[in-house]
Amino acid sequence: MATSDVRGTVRDNVLATTVVLSALGYALVLGTFAGLFPIYPEIGRETTDLLSHAIAVVNTFATVSLALGWYWIRNGAVDRHRAAMGTSFGLILVFLVLYLTKVGGGGEKAIVGAPDLVYGAYLVMLAIHIVLSVVSVPVVLYALLLGLTHSPAELRDTAHKRIGRIAAGSWILSLTLGVVTYVMLNHIYSAEMRLVSLLV
């Protein structure tokens, strides 16, 4: 099937494609947490820490790229906006590979030694980060697929602008909170390793 045929099919079925890709993404993440995919190499604390640092760098760049994309579209720089949002999505795919490797091969770290108030704030930020990460997937995919399959003129007749605002806002907040909790966990307070499994 030619690329133009795939693009046309997606263009005619943006919502259905969004649902399918979201379901696949959720299945991959949940399957990794549940230990259903024995494809990840076992990693130790040192590699887990290295992956945590890499994830924070990727998420920081993704946040900057998203903010630039938002700024550029508000100033009419459509090509720059498109490039920034494409870059952001590419970085999120890199994040996903790193994160699933970390979780699938080594587990997660939990914060220890923080005062109760700080620990509570950490948990609230982490919860918001996780919820936004989960609920933003279909919104981001829908806005992205509209942007990839329609010209700028055609996008004016779609929900791209409205959905894009929601997608970018929730994505930026989620990534920012993820980086803040990373700093707390890895550079301010101590952490301990915990195996991750939904089956336990």
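The values are calculated or read from the model by the stated rules, or taken from the named source; none is laboratory data. This is a predicted model, so every value here is computed, not measured. Positions of Cβ are generated from backbone atoms using ideal geometry, with glycine treated the same way; all protein chains shown enter the neighbour counts. Areas reflect the complete protein model, heavy atoms only, side chains present, ligands, DNA and RNA absent. Shrake-Rupley method; radii C 1.70, N 1.55, O 1.52, S 1.80 Å.
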Exercise. Any chance you could count how many residues in segment 100-120 are of a type outside the set (Asp, Glu) and loosely packed, with under 11 Cβ neighbours inside 10 Å?
Key: 2
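For every residue, the table says whether it meets (1) assigned to a helix (DSSP H, G or I); (2) in contact (Cβ under 8 Å) with a residue 60 or more places away in the chain; (3) farther than 20 Å from GLY69 by Cα; (4) hydrophobic (A, V, I, L, M, F, W, C).
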| residue | (1), (2), (3), (4) |
| --- | --- |
| HIS129 | yes, no, yes, no |
| SER136 | yes, no, no, no |
| LEU144 | yes, no, no, yes |
| LEU148 | yes, yes, no, yes |
| ALA153 | yes, no, no, yes |
| ARG165 | yes, no, no, no |
Self-check item: All positions within segment 29-42 that are open to solvent by 50 Å² or more (accessible area, probe 1.4 Å) and touching a residue at least 60 places away in the same chain (Cβ under 8 Å)
Solution: LEU30, GLY35, PHE37, ILE39, PRO41, GLU42
Quiz item: Given the conditions (1) touching an Asp or Glu at 6+ places or on another chain (Cβ under 8 Å); (2) open to solvent by 80 Å² or more (accessible area, probe 1.4 Å), which single one is not true for ARG45?
Solution: (1)
Exercise. Kindly check whether there is at least one residue in segment 9-28 that is touching a His at 6+ places or on another chain (Cβ under 8 Å), farther than 18 Å from ALA168 by Cα and either at pLDDT below 95 or open to solvent by 60 Å² or more (accessible area, probe 1.4 Å) (or both).
Key: yes
Practice problem: Check VAL200 against each of (1) open to solvent by 40 Å² or more (accessible area, probe 1.4 Å); (2) at pLDDT below 95; (3) not in a loop (DSSP other than H, G, I, E, B) and name the one condition it does not meet. | Solution: (3)
Practice problem: For segment 87-97, state whether one or more residues are touching a Pro at 6+ places or on another chain (Cβ under 8 Å), surrounded by fewer than 17 Cβ atoms within 10 Å (Cβ to Cβ) and at pLDDT 90 or above. | Solution: no
Quiz item: Applying the selection to segment 76-127, what residues are among the charged types (D, E, K, R), within 30 Å of LEU36 (Cβ to Cβ) and assigned to a helix (DSSP H, G or I)?
Solution: LYS102
Self-check item: Number of positions in segment 54-81 that are closer than 26 Å to LYS109 by Cα, open to solvent by 30 Å² or more (accessible area, probe 1.4 Å) and touching a helix residue (DSSP H, G or I) at 6+ places or on another chain (Cβ under 7 Å)
Solution: 3
